[in-house]
Amino acid sequence: MIDTMPAKAGKQKKSALKDWGESILFAVVVATLFRWLLFEQFIIPTPSMEGTMLVGDVIVVSKLHYGTRTLATPIQFPLTHQKFWGTEVPSYLNWIQLPMYRLPGLRDVKRMEPVVFNYPYEDQHPTDLKSHWVKRCVGLPGDSLKVVDGLLTVNDSVMPLPAHLQSSYFIAGKQPLKDRFFEANNISEHQEVNGGYYVQTEPATAEAIQKLPFVSKVEHVEMNYNSGGSASFPKAAPHGWTTDNFGPVWVPAKGQNVVIDGQTLPVYGGVIVRFEGWKNAEVVDGKLYINGYETTTYTFQQNYYFMMGDNRHNSEDSRTWGFVPEDHIVGKPVMVLFSSEEGSWYTLPARIRWSRLFNLIKE
């Protein structure tokens, strides 16, 4: 009998291109899961936390500490945030928005530690794709805090100043001060004004500068009611709070009540309308309405936090825009992975801050 069946073909070898494609796909999936569940990298763009974190630091943020959030925006190109790299083209579609939950974390946010969060008042993006900011959490849910002449008090206790706290100083030289003077004293920003310069620096640095023979004056600048340094939160409030004289204000806590009146509505009305999940909530003619009914007492549905930068005279924070909802908390910065000063790409080796590489971020 003659076998007319063809011989079984041998296993076809994969092409190198297909092999590379599968490897790249696997790497993207692993990196995406790692970035979502465990750790993510962010670049520090502003000097509001200068001293603790510098402009140009690439920090590693742990999502394990406070618990990873589930995705609210599932249709997104992997390893992007708001836009495709180097373009203005959105990298996500908001056709589908899912309810967001938080997985169990190692612990809760602690008072006076740095925290990365989504900037709450960026309404053009979904919650999980709003810009990332980092500040120090100075107020926990249920805290009562105030700032008096620049000193922070929480629950009637004066808080210790952060190790690298900066504030504003006026410096006058016996001759014009060169850029290298500011660089030598780690002053990243300075503004030339009539008779001198406004700078942001630490008290110890200001004291050392005052002893220099070519410096005629070093004066601390208070951001008070008369200096024009007025905070904008709450925008409609009659309180007259400023950067250095702010509050007292209560930080909303889940399950706790607040009476809605002429003093509290400007502080909490916008929070309730924006972040408490009501589809029909509004403030009209000085009154809060939920589902068409006036509300005179409100119970908060989630926790909130109060954030401030270490560079307190050069920081846009909760004194400017208000509270951070718990569902906007991203994670805890734990390490500086890489750091470089600003400049052209071809000068990168000379701009690397070698002493900051792989440094743990201290609270």
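Points to keep in mind about this one:
- Structure-based [θ]222 nm, the chain - -39500 (n - 2.57) summed over DSSP H runs of at least 4, per residue, nearest 500: -4500 deg cm²/dmol
- Relative contact order of the chain, pairs being alpha-carbon contacts under 8 Å that are 6 or more residues apart, as %: 21 percent
- Surface accessible to a 1.4 Å probe, per residue, for the residues of region 31-175, Å²: 48 Å²
- What the Cα convex hull of the chain gives, in volume per residue, is 226 Å³.
- Given charges at beta-carbon only (K, R positive; D, E negative), |dipole| of the chain in Debye: 1220 debye
- Relative pair counts by distance (%), Cα atoms of region 54-150, 10 Å bins: 12, 37, 34, 13, 3
- Note on the chain: dipole from Cβ charges, positive end direction compared against 89, 315, 218; the farthest Cα belongs to 89.
- Residues whose placed amide H lies under 5 Å from that of residue 288, excluding near-sequence neighbours: 295
- The residues of region 262-363 have, on average, 50 Å² of accessible surface per residue, using a 1.4 Å probe with all protein chains present.
- Legend: helices of the chain (whole DSSP H runs) are marked when their alpha-carbon atoms reach 27 angstrom or more along the helix axis and their mean Kyte-Doolittle hydropathy is at least 0.0; marked are 16-37.
- When the solvent-accessible area of the chain is split by element, carbon and sulfur atoms take up 57 percent of it, the probe being 1.4 Å.
- Compactness relative to 2.2 N^0.38 Å, alpha carbon Rg of region 235-363: 1.46
- Set 110/254; 63/254; 63/362; 63/130; 135/254; 146/279 screened for pairs whose C-alpha atoms are more than 28 Å apart: 146/279
- Based on the reciprocal of the average 1/r between different C-alpha atoms, the Kirkwood radius for region 182-225 equals 11.4 Å.
- In the chain, taking the dipole from charged Cβ atoms about the Cα centre, the farthest positive-side position among 196, 208, 66 is held by 66.
The values are calculated or read from the model by the stated rules, or taken from the named source; none is laboratory data. Computed from a predicted structure; not experimentally measured. Cβ: placed from backbone, ideal geometry, glycine included. Neighbour counts: every protein chain shown. Side chains are part of the model used for accessible areas, which takes the heavy atoms of the whole protein and leaves out ligands, DNA and RNA. Shrake-Rupley method; radii C 1.70, N 1.55, O 1.52, S 1.80 Å.
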